[in-house]
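Colleague: I am attaching a structure below and will ask some questions about it afterwards.
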């Protein structure tokens, strides 16, 4: 029997204010921006089958069957969701993460479209004066 435990207790999922398990911030904050359709399908499946804390432990084989993709598609979808900071995963356990801390991306000339340090953001915002 699999013992379920929160992988990130500080990010335990809670019902959002608008009383929906599918949080509107997924769209408002562009959380799926870098995710393909399989990742979105996997996310929907994980929030559907997860318990009150967002935990589930479906195998890649079972997820592939439910999503109607191959197991490589499940693995790619999982990587997309991990990169988007929407789930935690430690085989065989998934945790759908809280969206309490929005993902922020900064565009800087030095780094292009990726994360930047606070110093780089301030220098860019102040025209190099920070």
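A short reminder: the numbers here are calculations on the coordinates, not readings from a lab. Every value quoted in this text rests on a predicted model; they were computed, and no experiment measured them. Note that each Cβ is placed from the backbone with ideal geometry, even for glycine, and that neighbours are counted across all protein chains shown.
Colleague: How do 87, 2, 47 line up, fewest other C-beta atoms within 10 Å first? Mind dumping the intermediate values first?
Modeller: Working: 87 24, 2 8, 47 17.
Ordered by Cβ neighbours within 10 Å, fewest first: 2, 47, 87.
Colleague: Additional query: What length, rounded to one decimal in nm, is gained on full extension from residue 61 through to residue 91, with 0.36 nm per residue of separation minus their alpha-carbon distance? Intermediate values should be presented prior to the final figure.
Modeller: Numbers: separation 30, 0.36 × 30 = 10.80 nm, distance 1.29 nm.
9.5 nm is the gain from fully extending residue 61 to residue 91.
Colleague: Let me check the size of the range 11-99 from its C-alpha atoms; what are the radius of gyration and Dmax in Å?
Modeller: Cα radius of gyration and Dmax of the range 11-99 are 12.2, 36 Å respectively.
Colleague: How big, on average over all directions, is the shadow cast by the Cα convex hull of the range 45-89, in nm²? Intermediate values should be presented prior to the final figure.
Modeller: Details: hull surface 11.8 nm².
Seen from a random direction, the Cα hull of the range 45-89 projects 2.9 nm² on average.
Colleague: For the pair residue 100/residue 1, report the inter-label distance in nm, with labels modelled 7 Å from Cα in the Cβ direction.
Modeller: Inter-label distance under the simple model: 3.0 nm.
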